[in-house]
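What follows draws every value from the coordinates through simple rules; no lab data is involved. These numbers were taken from a predicted model, which means no experiment stands behind them. Note that each Cβ is placed from the backbone with ideal geometry, even for glycine, and that neighbours are counted across all protein chains shown.
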Amino acid sequence: MQCTRCGLDVPDDASFCMSCGLRIETPSTIRRPEDIDLDWVLKCMVSIGYDGEITEIEGPKFITARHEKHPNLIVELRSNVGLVVPRLYYPSVSGADLSNIEFLRAVNSFNATSLWWTGWVADDSDFGANTEIALGTTMSEARFTQLLSNALDGFFGNVESSGLVPFLR
Ligand SMILES: [Zn+2]
């Protein structure tokens, strides 16, 4: 099998090109939405620096994931509508110059990545935000990981450019 970027001959079971680092897509990394589960989503998240586990409190399972630089993320898989929904909360921390309106305005404005985030006030002290990643007819690990990265970059860039300080949680 040849790397589609640099042309190197790579073993058939390679995940990455040894020369240029491109993630190699094989039939085993491309899935139909109905074949995607939370383990698959979590594996993609781990590849961009998240550490997480699949949790079930009440109702459907979801992923809770931590990242060194980003707020914790909750990720739901809505198989029936072919969506992965990353969600996060920003706690309102005393000393931080935050107001609900500022935060929601920043979150709800359009991101350059073409992915909308929607923000809301979760309770008296927390702000929530979520977006949706459509799985389409097929989805590969590389593409999903790229979409998730873009969504997060867009979100954090958007919020940070507004002057709001992100919190880890
Ligand atoms: Zn290559």
**Complete:** In whole Hz, the Karplus estimates of ³J(HN,Hα) for region 47-52 (6.51, -1.76, 1.60; θ = phi - 60°; x where Gly or Pro) are 5, 10, x, 8, 10, x
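At 0.36 nm per residue, and after removing the present C-alpha to C-alpha distance, how many nm does the segment from S15 to S109 gain when stretched out fully?
Numbers: separation 94, 0.36 × 94 = 33.84 nm, distance 3.66 nm.
Fully extending the segment from S15 to S109 adds 30.2 nm.
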**Fill in**
For the pair S79 and S161, the simple spin-label estimate (label points 7 Å beyond Cα toward Cβ) gives in nm 3.8 nm
**Prompt:** Rounded, prolate or oblate: which fits region 32-161 when a ≥ b ≥ c are the square roots of the eigenvalues of the alpha-carbon gyration tensor, with rounded for a/c under 1.5 and prolate only if a/b beats b/c?
**Reply:** prolate
